[in-house]
Structure formats: structure tokens, C-alpha cells
1. Return the aspartates and glutamates within reach of A:Lys243: Cα separation strictly under 18 angstrom, same-chain partners fewer than 8 residues apart disregarded; answer none if there are no such residues.
2. When only DSSP loop residues count, what GluC sites (Glu not before Pro) in segment B:243-322 have their Cβ near at most 16 other Cβ atoms within 10 Å?
3. Label points 7 Å out from Cα along the Cβ direction at A:Glu22 and B:Asn330: separation in nm?
4. I want the antiparallel fraction of DSSP beta bridges within segment A:3-182, as a percent rounded to 5.
5. Can you give me the long-range amide H partners of A:Ala293? Hydrogens built in the peptide plane at 1.01 Å from N, cutoff under 5 Å, separation of 5 or more residues or another chain.
6. Residue by residue through segment A:176-188, what is 3J(HN,Hα) from phi via Karplus (6.51 cos²θ - 1.76 cosθ + 1.60, θ = phi - 60°)? Round to whole Hz and write x for glycine and proline.
7. Considering every residue in B:154-163, what mean count of other chain Cβ atoms within 10 Å of its Cβ is obtained?
8. In percent, what relative contact order does segment A:3-182 have, based on Cα pairs under 8 Å that are 6 or more apart in sequence?
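All of the numbers you see were taken from the coordinates with simple rules; none came from a lab. Small disclaimer: the values here were computed from a predicted structure and weren't measured. FYI the Cβ positions are ideal-geometry reconstructions off the backbone, even for glycines, and counts take in every protein chain you see.
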Amino acid sequence: MREITFAQATLEAMAEEMRRDERVFVMGEDIARQGGIFGQFKGLPQEFGFDRVRDTPISETAIIGAAVGAALAGMRPVADMHFADFMGVCMDELFNQMAKIRYMFGGQCKVPVVVRAPDGLANRAAAQHSQSIESWFMHIPGIKVVAPSNPADAKGLLKAAIRDDNPVIYFENKILYRELGPVPEGEYIVPIGKANVVKEGKDVTIISYSIAMKHANKAAEILAKDGIDAEVIDLRTISPYDKDTIMESVKKTHRLVIIHEAVKQGGVGAEIAAFVAENAIDYLDAPILRFGAPFVPVPFSPPLEDAYKLNTDEIVEKIRRMF
Amino acid sequence: MTNWHEICISNMSKSVIIQGGVAVLAEFSKELITYFYKTMCRIRLFEETVEKLFLEGQIPGFVHLYIGEEAIATGVCANLTKSDYIASTHRGHGHTIAKGADLKRAMAEIFGKKTGLCKGKGGSMHIADFSVGMLGANGVVGGGFNLAVGAGLAISMQKRKDVSVVFFGDGASNRGTFHEAANLAAAWKLPVIFVCENNQYASTTPHGTQTSVENIADRAVGYGMPGVIVDGNDIFAVYEAAKEAVERARNGGGPTLIEAKTYRIKGHFVGDPELYRTREEVNNQFENNDPIKRFERKALQENLLTKKEMEAIKEEVRKEIEEALEFAQNSPYPHKDELFDDLYV
């Protein structure tokens, strides 16, 4: 299969969906004339025009509010957040408007909005440009949340998100943009809500998503040399998350590890750990392990940021101690 | 003051002069005049009924009444069709009715009944009727601005002739949402009409104590759109101002900010102890500035409607509201199994 980057995969998904459905359009800061700060929109206005690929003012509140309003009036907007960190600016539009409008109006309308949110540590960008905030949205009914870890999923999940009649937040990791990987050409959809068992195993379940999948895969590889056969699950969708796949795996392996780049406290791992503890604690042979960022803002200085990051060696060491 | 302001003010006085004149009044058909009165009476009686039943404990939640501001929703919506949109506020019953929502289902929603417009999921603060282009009341002050702008963007991209109207209070004009929405609508020349219902109080706070300008319409200058001040308790003036703005928007002329000066006769919510104003002030406004009383006086004075005709209209409205109430009271509540319905498509 041909290989393209994660950024190209998202671009391909956008172009295919915009060709397929003229109601689909995209707006955000620096996306049309510049092509997106990570090049993830390059060439789109040339094919679809500046009407459907819109540079907006630096007004996150207006971007999300208008995306929701346009969706209510029959469009299928994709709104780019520039950096996921800026979602704080338009939080009311995201969680009080976008998430609730369908339910509180008794299902009179659909809100097919996709919010694209580049997240994660990259280029030493420090406290306000480096965060992973997916867990905030896991706490909000009415929104779906996805976080692809590779180019193929980037394409398949973005296409699925655009076709979904519900609001979907699409977290795309900034480091992953340049990653190459095999991506199917043309129609390729990754269903929302379904996790991917990347590697089957019988000794321990490692659940991760997005950039942290690198640590999950690497840890599994190292552990295999010790004779520990890890099952690696790429969650793909944060909300609604795939409870069946998690349960099935944990019942088989009897050990659970969750890894994400986001802050550990109150993170996605906390939810999954609680879910497994509530429903399958009798199956567990060891305490659940969670890996995430320390409870502190992302620091700027390189040695400090390095100390903040996930560490595969530490992950491997702690998993070994589960046995 | 800038030139824009002078234009606004001169626009306003022009419309006041015109409205006082017989020549222009002749342009209001009997049908339209009847519609004005009937709609304002509908809203008034609907609200009085809701207030009574809320105080009796039949209606749960919070209720914010539109009493005293009826001329604005009525006069603006008289210029709209079903395919135009409105975004409303926490004080949204009047907008809902003026846009043409079914009174029975509106009342049932306020009761939290299954037959309500939102199946009882929204209530007074989140009432909506998409079948008539009413995109919802909003529990967040200033929450409607960008939704209306987005609807305007959709209209523009779909090359429709429709418009999108957002109603908001003077308090909401201090939210950042207003400023982002106004800029975007003007920058993209979207068919949006910003209708400020300046009822003199942002919740419990008098207008002058927390807002940098006396006239919200002055803020239009900063966004490059026309700002118009209108007497919000004169339905003829509101209708005219809205007509001009709606026509401009329909013809690609972009957004307008209309500031309708009005007065909130009731408290911020039903049960508000109203410690921030005197009864005298309220009574004076109700006697001298109530839009319905003013309409009635004008109608008699200028032979627009007879006393008998107005009585007949009121009687008709009484029946409608009675039926709406009966429908709401006799409707079932949603079943607990419906808790998760409509969360996702």
C-alpha cells in the first residue's frame, strides 16, 4: 500500500468528503491562505475555493458558535481550533451549545460539526500550546471524541467524523502529522466507537491512543523479549469508548495498563481504570497501572519538559513488576 | 460622536416622524395591524398565565417573563417567514410565539411535558421550535449570537434569500460573544440582524452602572454596520426599523444592529424580590409606556382598530391560551425510559 503522512491523510479525508458532499466546509485560523500551521489544509482552497475553506478572525468563540449555527441551518462544518489549547476560549460554545442543543431541544435538530484540535507536546511550546485535553470532553454527554494514532486511522476517523450527524471532536497530535504510514486510497472509514486490537496477547492489556501508542507498542515489543505477551489496544475513540473490547481483553489477560500523554489525574485512564474496577475487578491479578503526565502545566525549559514526558523505560519497568 | 452615530440618530427621528404621520400608517394593512395586536396579546396572556401557574407551583424550574417587551418580538418577526431564523434568549417565550410556534406545545414545554416542543427536555429557558426557524432560547446569556451568525453563514453559502435574527438584552451586549459575532457577521457581510432589547436591567443591575455606552447601537460603529435606535415599545417603529434591516440583509447588504429601548415590567425571573428599583418606577412605566396600552390608545385615536375589534381579538386570544393551558396540564410527563432519547442521532 502507498504510504502518506498523517497530515496528508487528513487532507485526503477532507478533500474526499468535500467532493462527496457540498454541505461540508471548513473554517479556522490560518487554514486557507497559509494551508494550516502544520500544512494540513494545503491545496484545499485551490480546489474548493475560499468560500468553503475559510480563514476566520482569531475568534474561537465565533468559530465554534458559527459552526454550530451553520449545522443547525443545514451545513456540515469542520472547525479548526489551531491548537487544542484554545478550546478553553470557546468552551461555552463547545459544551453548552454544541453538546446540548440536540438533547435539550428534544431531538429537533442534528449538530453535525467536526472540531479539529491539534494537541500534544511539540516544539517545546510550553504551557499553553502543548496540552492534551481529551478527558475534559469525555465528561460531556452529547459529544463524540476521537484521537487517531496513525495515518490510516487519521483518514478513516476524519471521514467517519464528517459523516457523523453528531458533534465530534477530532484530536490530532502535532508530532504525528509528519509520520508516514500505509493509508488505503479512496473510501476508507474507521467506525467511531470501535477500538483496535493492534497486537493480540495473553499476559497484560495495554490501552492507549494517539501519540502514546508509540510507548504502548514499544513497551510491548520490549516486554515480548522478557516473555511477557502484551495485548495492545488502540482506543481510537475516547467517547463513547469501546467497553466491550476492553472487558474482553482484561478478562483474558488479567492485567491492565493505560498510557496517555495527558495529565494522569482525572484522565481517560482514570475512567477506564474505574470502569474495569467496577466491572471486572475479580479478573485482575495485579493493581491497574496508569501512565500520564504529572499534575503540573507543561514547562518550557527542555530538561523540565523531558522530565514531564512519558518514559518508555519506566513504563516497561513498572509493567514487569506486575508479574 | 462619530458620523455613524449622527446617521443612527437621524434615522431614528426620521422613523419617528414617519410613524406619527398618517401617510405611512396607511401602509400598515388592517391585517398587519390586527396581527400586531393579536400577537402582543398572545404573548402577554401567555406570560401572565405562566407567571400565575409558576407561583402556584405547577411549573418547575426558572421562568423569565417577556411582559412589557412584546412589541419587539412581534414587530421584528412580522418581517420574517418560516425559513428565516431567530436565536433567542432565556427570556424567550415571546420570540417563540412571535415566530409562530404552536401555543399548546410551547405551554406544554414550559410544564416539562412529553408533548412539549422539546419533549419536556428544555423547559422555559431552552424552548425551541425548529419547524418555524426558532433556533432556541438559550440558558447562557449571549449564547445565541454566534448561532445566529452561523445560520446566517449557512444562508449565505446556500445562496438563500433568508435572514437570521438574534435577540439579546443590554446585558448580553457585554459578553465577548457579541463582539466576536458582530465582527464576523460584518466582516463576512452575513444576513444577520442583531436586535438588542435594552430593557434597562442586566439581570438585577441597572444599565448605566455596568455598560460603557448609553446606547448599545453605538457599538455598531466599531463593527462597521449600521446601528439604529428605536422605541421598542412602539410596535410600528420596531416593525419599520426591522423591515429596513431585513431588506438590507436579504439584498446582500449585511448585518444591522437595532437597539430597541424598552422596559422590563417584571423582575429578572419570577420571584425576583426586585431590590434594585422602586415600584413607582415600574408602575409609571406600566401605565405610560406599556406597548399594548400604547397600541390601544393609538389604535383608537387613529381609527386603526375599534374597541369592539380589540375586544374580539382579546377574547380569541383568551380562548387560545386557555386551550394551550388545558393541553399542557392534561399532557403526560415523559417516561423515565426517555431519559437517553435524543442524546445522539
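1. Excluding near neighbours in sequence, the set is A:Glu134, A:Glu200, A:Glu231, A:Asp234, A:Glu271, A:Glu278, A:Asp282.
2. The qualifying sites are B:Glu274, B:Glu302.
3. Rounded to a tenth, the inter-label distance reads 4.8 nm.
4. 15 percent
5. Distant-sequence amide H within range of A:Ala293: A:Ala262, A:Val263, A:Lys264.
6. Whole-Hz 3J(HN,Hα) from phi for segment A:176-188: 5, 3, 8, 5, 8, x, x, 9, x, 7, x, 4, 8.
7. Values: counts 11, 4, 2, 11, 6, 0, 2, 0, 1, 0.
The mean count of partner-chain Cβ atoms within 10 Å per residue comes to 4.
8. 28 percent
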